[in-house]
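Have a look at the structure below before the remarks.
The values are calculated or read from the model by the stated rules, or taken from the named source; none is laboratory data. Here the structure is a predicted model, which is why all the values come from computation and not from measurement. Methodologically, a virtual Cβ is constructed for each residue, glycine included, from the backbone with ideal geometry; neighbour enumeration extends over all protein chains shown.
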Amino acid sequence: MIRILTIIGARPQIIKASALSRSIKNKFSDKIQEVILHTGQHYDDQMSKIFFDELKIPKPDYNLNVGSSSHGKQTALMIQGIEDVLLKEKPDVMILYGDTNSTLAGAVAGSKLHIPIAHIEAGLRSFNKSMPEEINRIMCDHVSTYLFTPTTTAVENLKSEGFNVLSKPEYNIDNPCISNLGDVMYDNSMHFSSVAEEKSSVLQKYNLEKNNFITVTIHRDNNTDNPKRLNSIFKAIDNISKENNIDIIIPLHPRTSKILKERLSEELYAKIINNKFLKIIPPVSFFDMIMLEKNSKLIVTDSGGVQKEAYFYKKPCVILRSETEWVEIIKNKAGIIADAEYNKIINSVNYFMKNNDINFQQVFGNANAAELICEKILKDF
């Protein structure tokens, strides 16, 4: 029996971790013991607790409750708390997901104590180091023993940074194992798709007609904290809804919702509030989000995760960033990078409103990544 310590903190990590926890419970309960540490990076019920309940994820064994703070203070508190748990639990492997401050803190604490780290979603690169996430994912990759990539592009990114992808007699921090086993979020999207149909009533609640509305998500700091970018995005959204007579639903992070009035121009804010086609709603559950994604005409987002989910459910995606880690979406012409440019957002949406003949090639695995990850780790013990 090996012991793994799973580190989670942000909402997407909680969802991703459910795939591994489910696989352990169903197939490896006699071989793997999982201990879960929640850093408390996302700490309110809407952004965290509801997902444990809804996805039936085991409750965390530890919660650091670090809450919101500056990057440095938040990460430092996490490192201290994670180190204490590592010394107590002495896990054989630490599991880290993605690119948040929780990921970085786990990487620092684990590597200093010589705990083998398994990084799930390794090799992703935006090639934009002004993004905190880019720093976090690079740092984590370079101290991990197991690098589980979701795509072949991620493998190529690691090769370009000098990683040796050939088989090795022994894996360690200097000679990590690199495996492209698929995307755990694809596992989840396929597993929970039918469940969402039964559990969610979001379409009825907001009177949404299938394949006749647009889902928009906006949460990145460079969009929400920059009044010029925020105004450009919402001006485009307002225009798109009116020109196409189409409902646009925007599940908005509580923080972003509060600053709309402050950062949008007075004229634009009035338009947004009085636009009958715009439905600005609180954050939705995982099942509700699945239903919005599955039934949208198209999706507009600055979220890396939502870009992928749009692809999983065969929906075109307009990306409100200047780059994307998921270049496969662009290569397959299922997404367009519009950044926060008013005209480009409108033109991209209008293009997809008229063109739905997209070849959604299977590039994210076979919906069994979590099982393959467990098997790979077990081979070493």
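Assorted remarks:
- Search result, residues across segment 251-274 that are polar (S, T, N, Q) and either surrounded by 18 or more Cβ atoms within 10 Å (Cβ to Cβ) or outside the structural domain of Ala338 (by TED's automatic domain parsing) (or both): Thr256
- Within segment 130-151, being in a helix (DSSP H, G or I) and either polar (S, T, N, Q) or under 19 Å from Pro12 (Cα atoms) (or both) holds for Pro132, Glu133, Glu134, Ile135, Asn136, Arg137, Ile138, Cys140, Asp141.
- Selection from segment 327-351 of residues that are within 19 Å of Phe234 (Cβ to Cβ), surrounded by 13 or more Cβ atoms within 10 Å (Cβ to Cβ) and not β-branched (Val, Ile, Thr): Ala338, Asp339, Ala340, Glu341, Tyr342, Lys344, Asn347, Ser348, Asn350
- Yes/no for Leu208 being farther than 22 Å from Ala10 by Cβ, crowded, with 17+ Cβ neighbours inside 10 Å and either aromatic (Phe, Trp, Tyr) or touching a residue at least 24 places away in the same chain (Cβ under 8 Å) (or both): yes
- Filtered by the rule that a residue be among the hydrophobic types (A, V, I, L, M, F, W, C) and either touching a Gly at 6+ places or on another chain (Cβ under 6 Å) or crowded, with 19+ Cβ neighbours inside 10 Å (or both), segment 170-181 gives Cys177, Ile178, Leu181.
- When Phe127 is tested against (1) touching a residue at least 24 places away in the same chain (Cβ under 8 Å); (2) in a loop (DSSP other than H, G, I, E, B); (3) on the phi < 0 side of the Ramachandran plot, exactly one condition is not met: (3).
- Residue among Lys73, Lys49, Lys59 that is modelled with pLDDT of 90 or more, assigned by TED's automatic domain parsing to the domain that holds Gly110 and either assigned to a loop (DSSP other than H, G, I, E, B) or among the basic types (Lys, Arg) (or both): Lys73
- Checked against (1) farther than 30 Å from Thr256 by Cβ; (2) in the same structural domain as Val327 (by TED's automatic domain parsing), Ile173 passes all but condition (2).
- Members of segment 324-341 that are out of contact with any Lys or Arg (no Cβ under 6 Å at 6 or more places or on another chain) and more than 26 Å from Phe364 (Cα to Cα): Glu341
- Selection status of Ile272, touching a residue at least 12 places away in the same chain (Cβ under 8 Å), in contact with a Leu (Cβ under 7 Å, 6 or more places away or on another chain) and more than 24 Å from Ala196 (Cα to Cα): yes
- Screening Thr153, Thr145, Thr149 for residues that are in contact (Cβ under 8 Å) with a residue 60 or more places away in the chain and outside the structural domain of Asp302 (by TED's automatic domain parsing) leaves exactly one candidate, Thr153.
- Considered as a group, the residues in segment 125-169 that are among the aliphatic types (A, V, I, L, M) and either in contact with a Cys (Cβ under 9 Å, 6 or more places away or on another chain) or at pLDDT below 95 (or both) include one that is surrounded by the fewest Cβ atoms within 10 Å (Cβ to Cβ), and that residue is Leu166.
- Qualifying residue in segment 19-29 (condition: buried (at least 18 other Cβ atoms within 10 Å of the Cβ), in a loop (DSSP other than H, G, I, E, B), in contact with a strand residue (DSSP E or B) (Cβ under 8 Å, 6 or more places away or on another chain) and modelled with pLDDT of 90 or more): no
- Residue within segment 162-175 that is closer than 25 Å to Leu298 by Cβ, out of contact with any Phe, Trp or Tyr (no Cβ under 7 Å at 6 or more places or on another chain) and without any contact (Cβ under 8 Å) to a residue 40 or more places away in the chain present: no
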